[in-house]
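Only the coordinates and a few stated rules stand behind these numbers; no lab work does. Every value quoted in this text rests on a predicted model; they were computed, and no experiment measured them. In this analysis, Cβ positions are derived from the backbone assuming ideal geometry, glycine residues included, and neighbour counts consider all displayed protein chains.
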Amino acid sequence: MTKTRRNQLLAIVLFGLGLLFLYQGGTLLKGIALVLLSVAAILGGTAFSNKRRIEILAGLGLLVGVVFLYFPALTSLRGSAFHLLFASAIAFGMTTSARRFATVGAALCAVTGLVFLYQPFVPGLGKTTLHLLLPGITVFSIVSAQTTLCERISIGLIALGLVSLCQPFLMLFYQTGFQLLLAGLTGFIVVAHR
């Protein structure tokens, strides 16, 4: 068995286990499911030669994740939205051929997450910030042609997150600092390893 074939089989097995843990397991297994789905997305993005098929599947995963997140009829599936969005963002970013479109879409997704974080009108949207911010930053960091810009944005988010967590004046900034810090760290790690 070749290394490519082994990686393909491993990606499929990890994807299946990730979905099983996500929908059949408890809290601990859902945490493991995130890791399994993320590793399956990375392996799928590198091991399969038909990148277009992976790109389509990842795009469908992003769509399903957004549907699970915002449609009220599917509240029982809302807990799996983040897992689907994050793993699909990794696979989509690694395989997409429409890099300019993906860069703009990812930037809009991340900016929408930031707007949701600080908007005071609909409190429920603040709970979905990380669901948009992390996939947006991840795809942006993978597909953007400007590595320096990605690094600067990531470092800026890290600094803003740290300042928000350490300042004693505004509770809103303290409450949102972790999301900014996590998004910045994710973006910086992705940019540093691409």
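Considering all projection directions equally, how large on average is the shadow of the alpha-carbon convex hull of the range 72-168, in square nanometres? Spell out each step's value before the answer.
Details: hull surface 30.0 nm².
With the hull built on Cα positions only, its mean projection is 7.5 nm².
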>> Pick from 98, 58, 40 the residue whose mean-square fluctuation is largest in a GNM of the chain, springs joining Cα atoms under 10 Å.
In response: 98
>> Can you bin every Cα-Cα distance in the chain into 5 Å intervals starting at zero and give me the percent of pairs per bin, rounded to whole numbers?
In response: 1, 8, 15, 19, 19, 17, 12, 6, 2, 1, 0, 0, 0
> What does the charge dipole of the chain about its Cα centre add up to, to the nearest 20 debye, if the Cβ of each Lys and Arg holds +1 and the Cβ of each Asp and Glu holds -1?
Replying inline: 560 debye
> For the chain, with the dipole built from +1 on Lys and Arg beta-carbon atoms and -1 on Asp and Glu ones, taken about the Cα centre, which of 95, 65, 107 lies farthest toward the positive end?
Replying inline: 95
> Comparing 34, 149, 108, which has the greatest mean-square fluctuation in the GNM of the chain with Cα pairs linked when under 10 Å apart?
Replying inline: 149
> Across the range 17-32, in residue order, what do the Karplus-derived ³J(HN,Hα) couplings come to in whole Hz, using 6.51 cos²θ - 1.76 cosθ + 1.60 with θ = phi - 60° and x for Gly and Pro?
Replying inline: 5, x, 5, 4, 5, 5, 9, 10, x, x, 5, 5, 5, 5, x, 5
> Which residues make up the longest stretch of the chain clear of chymotrypsin sites (Phe, Trp or Tyr not before Pro) that lie in a DSSP loop with no more than 10 other Cβ atoms within 10 Å, not counting the sites?
Replying inline: 1-120
>> Can you compute the FRET efficiency between residue 24 and residue 53 using 1/(1 + (r/R0)^6), with r the Cβ-Cβ distance and R0 = 22 Å? Round to the nearest 0.05.
In response: 0.25
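Among 64, 35, which comes first, then next, by fewest other beta-carbon atoms within 10 Å?
Working: 64 17, 35 14.
Ranked by crowding around the Cβ, least crowded first: 35, 64.
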> Tell me, what ³J(HN,Hα) does each residue in the range 63-68 have, in order and in whole Hz, if you take phi through Karplus 6.51 cos²θ - 1.76 cosθ + 1.60 with θ = phi - 60° and put x for Gly and Pro?
Replying inline: 5, 5, x, 5, 4, 4
> Which three extents, in whole angstrom, do the alpha-carbon atoms of the range 104-161 cover along their principal axes, largest first?
Replying inline: 35, 24, 13
